[in-house]
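Enquirer: Handing you this structure, nothing more for now.
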Amino acid sequence: MPRSDQNARRIDRSHISSISLLQHLLRFSEAKDKGVRQKCCSMLKQALAGMADDAEMSDELWQRILDALLARSKDKNPGVRAEAAAALDRLQTGEEDCPAMLRLLDMMQADTSR
């Protein structure tokens with residue numbers, strides 16, 4: 001098998017694994033345990049940070065991740081909120097009405113936790 005075919009398959013498997021991980025984390029982002037919610041946000045942050053700037057994902061998955069992180073950014077636990085905010089940073093689009101950016105601005109103005 002030519003080397004380029006092996007690399008393409010490796011990238012495809014890696015992409016599928018990344019998508020599966022993201023979907024798995026989304027399922028647990030609403031757990032009752034604050035430690036689980038915080039770790040899910042932390043792992044989402046790490047997964048998103050590890051993706052290339054030109055990485056592609058479906059609009060549906062991107063929206064699910066955004067919705068989950070927006071919800072966790074309002075969590076009662078400050079550690080969960082902090083991890084969600086760090087992950088939201090990677091979802092900013094640069095548009096004026098970007099939900100991630102607007103939520104981060106709101107958090108900077110209104111979140112009084114230390």
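Enquirer: So how do T93, T112 line up by other beta-carbon neighbours within 10 Å, fewest first?
Expert: So the ranking, lowest neighbour count to highest, is T112, T93.
Enquirer: If one computes the Cα centroid of the range 100-114 and of the range 63-94, what distance in Å separates the two points?
Expert: Cα centres, the range 100-114 to the range 63-94: 10 Å.
Enquirer: 7 Å from Cα along Cα→Cβ at both K74 and Q92: what's the point-to-point distance in nm?
Expert: It is 2.2 nm.
Enquirer: Something else: Suppose only helical runs count, i.e. DSSP H with n ≥ 4. What mean residue ellipticity at 222 nm does that imply for the chain under -39500 (n - 2.57) per run, divided by all residues and rounded to the nearest 500 deg cm²/dmol?
Expert: Theoretical 222 nm ellipticity from helices: -23500 deg cm²/dmol.
Enquirer: Please build a GNM for the chain, connecting alpha carbons under 10 Å apart, and tell me which residue among M43, M101, M57 fluctuates the most.
Expert: The residue with the greatest mean-square fluctuation here is M57.
Enquirer: Related question: Let me understand the chain better: what is its radius of gyration from the alpha carbons, and its Dmax, in angstrom?
Expert: That works out to 15.7, 58 Å for Rg and Dmax.
Enquirer: Let me spell out the model: positive unit charges on the Cβ of Lys and Arg, negative unit charges on the Cβ of Asp and Glu, origin at the Cα centre of the chain. What dipole size does that give, in debye rounded to 20?
Expert: Using only the charged Cβ atoms, the result is roughly 780 debye.
Enquirer: Please compute the length gained on full extension between A31 and M108, using 0.36 nm multiplied by the number of residues separating them and subtracting their Cα-Cα distance.
Expert: Separation in residues times 0.36 nm, less the Cα-Cα distance, equals 25.2 nm.
Enquirer: Something else now. Residues in the range 36-60, backbone N under 15 Å from the label point at I19 (7 Å along the Cα-to-beta-carbon vector): list them, ranges by number please.
Expert: In the range 36-60, the label zone of I19 (backbone N under 15 Å from the point 7 Å along Cα→Cβ) covers 55-60.
Enquirer: Quick check: the angle from helix 34-50's long axis to the longest principal axis of the chain, C-alpha only, nearest 10 degrees?
Expert: It is inclined by approximately 50 degrees.
Enquirer: Now a separate question. Quick one: helix 3-28 against the long Cα principal axis of the chain, what's the angle to the nearest 10°, folded into 0 to 90?
Expert: 30 degrees
Enquirer: Which angle between 0 and 90 degrees, to the nearest 10, do you get for helix 78-88 versus the longest principal axis of the chain when only C-alpha atoms count?
Expert: 40 degrees
Values in this text are rule-based calculations from the coordinates and carry no lab data. Since this is a predicted model, take the numbers as computed values, not measurements. Neighbour counts run over all protein chains shown; Cβ positions are idealised from the backbone, glycine included.
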